Amino acid sequence: MEILAQTTTQQILFFILYGVTGAVSLVAAIYLMLRRGNAFAPDVTPPLRLRRWAAAFFTVSALGHVWWFLFYSNLRDAQSMDEVVRKAGYVAIVVFDCVAMLTTIAGTLLSMLQDRRRRIWPVYVAMSPFVALGGVYLLKPSILLGQIAITYILVLYVLFTVYMVFAIRHYRRWLKDNYADLENKRVWLIAAVTLGCLLLFILYAMTDIDSSFLIYLMHLTELVLFSLLLWRVETLPLLAEKKAAEQDVPQTSTLTSQPSSLIANTDLAQIEQLLVEHCVETQLYLQHDLSLQQLAQAIGTNRSYLSQYFSRQGITYNTYINNLRINHFINLYQQTVKAGQPVVAQQLASDSGYRSYSTFSLAFKQRTGQSVTAWMRGDDDE
């Protein structure tokens, strides 16, 4: 590591950054393991599986900082240690660190996707050839074996990245089909940062790149990742078990007793009328975190028929609820202007069922093609 041979100032800056990233990961691991509830978002119940995998990832990261520091402090000089022993120690650390880091990152990312439970055992199976290559390398060091191991781990990284892209797209469609409020339910940002940090780690640990810039970039990215991941664990609500619990609620409509083969246009028309009576007229759409299953229960049908109804209309459940909320906002705005009262868009958005004004702004622009400010300005001009 060339950075250890550079100026004292650079060494001090590096060890400060190195120590901070190690300390942050250690504190985060202890916090997630020992505290049952959320400190920053006490009203949110996160998935327990996600909390455990995130704690494992933070633990591995903290331990990694320790053993890499010990290795480079005590075993990096060939004069003080037999060269073969030094290389064997390095290979053992790389193999263990890569396996632990990749599996805990995979477990953490997969736990965020709550559309279905994804198993982690394929990751262990995929890592076994890499472990075998490391064992063979320890017995008979070879440049070719090292190159094969690097290539194999990079191929695994690419395959997992491609898998996550498709999995996140499926998760995003599932959210839009089942939840009206998407605030703090998306995971693409944390997945992108995590995969980026993982790539830097692989390049740092397994290649001959020995750049100060790469080292600093990796540790700075780690700090960003640790912050985002902790925030994500705190704010991501539990969805899958909630969905399962909702499905256990008995339905009362005669529609639910019909075989799926008997679903007809008359049934879908009946669902439309039920939506008007039990969602539009009662303004049920103003309820925060209203799910597809909850709406189906309210109108007396099941989620399958209701989902099919929205599909026939060419929209998602999320679009349906947002359209009702945007219409409600427009009505409130017009009533406020007509009464000569000051217009506070944030308050009107909150009264229309939105917890987050940014979520409302995005939904409003998708519906009208204009920003809220531009729309209100144009409406005032008229």
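Tabulated data
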| read-out | value |
| --- | --- |
| Burial ranking of peptide ranges 194-204, 212-222 (average Cβ count within 10 Å, highest at the top) | 194-204, 212-222 |
| Taking the convex hull of Cα positions in the chain, its mean projected area over all directions (nm²) | 25.8 |
| Difference of contour (0.36 nm per residue) and Cα-Cα distance, ARG355 to ASP289 | 22.8 nm |
| Positive minus negative residues near SER356 (Lys, Arg vs Asp, Glu; Cβ under 10 Å) | -1 |
| Helix-only [θ]222 nm of the chain, DSSP H runs n ≥ 4, -39500 (n - 2.57) each, per residue, nearest 500 | -24000 deg cm²/dmol |
| Most positive-pole-ward Cα, LEU332, THR103, LEU195, against dipole of the chain from beta carbon charges | THR103 |
| Amide hydrogen neighbours beyond the local backbone of TYR179, cut-off 5 Å, H modeled | LEU292, ASN318 |
| Estimated dipole of the chain in Debye, rounded to 20 [Cβ of Lys and Arg +1, of Asp and Glu -1, Cα centre] | 680 |
| Carbon and sulfur %, accessible surface of the chain computed with the full protein complex present, 1.4 Å | 61 |
| Using alpha-carbon coordinates, inclination of helix 48-74 to the longest axis of the chain, degrees | 20 |
| Longest exposed-site-free window of the chain, the sites being trypsin sites (Lys or Arg not before Pro) in a DSSP loop that have at most 12 other C-beta atoms within 10 Å | 120-382 |
| Under Karplus coefficients 6.51, -1.76 and 1.60, residue-wise ³J(HN,Hα) of segment 307-316 in Hz, glycine/proline x | 5, 5, 4, 5, 5, 5, 7, x, 10, 9 |
| Net charge of Cβ neighbours under 14 Å - reference VAL280; Lys, Arg +1; Asp, Glu -1 | -2 |
| Inter-label distance, nm, simple model (7 Å from Cα along the C-beta direction), ALA192/ALA374 | 2.2 |
| Contact order normalised by residue count of the chain, Cα under 8 Å, 6+ apart, percent | 18 |
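The values are calculated or read from the model by the stated rules, or taken from the named source; none is laboratory data. No experiment lies behind these values; they were computed from the predicted model shown. Note that we place each Cβ from the backbone using ideal geometry, even for glycine, and neighbour counts take in every protein chain shown. These accessible areas exclude ligands, DNA and RNA; they are computed on the full protein's heavy atoms, side chains included. Shrake-Rupley method; radii C 1.70, N 1.55, O 1.52, S 1.80 Å.
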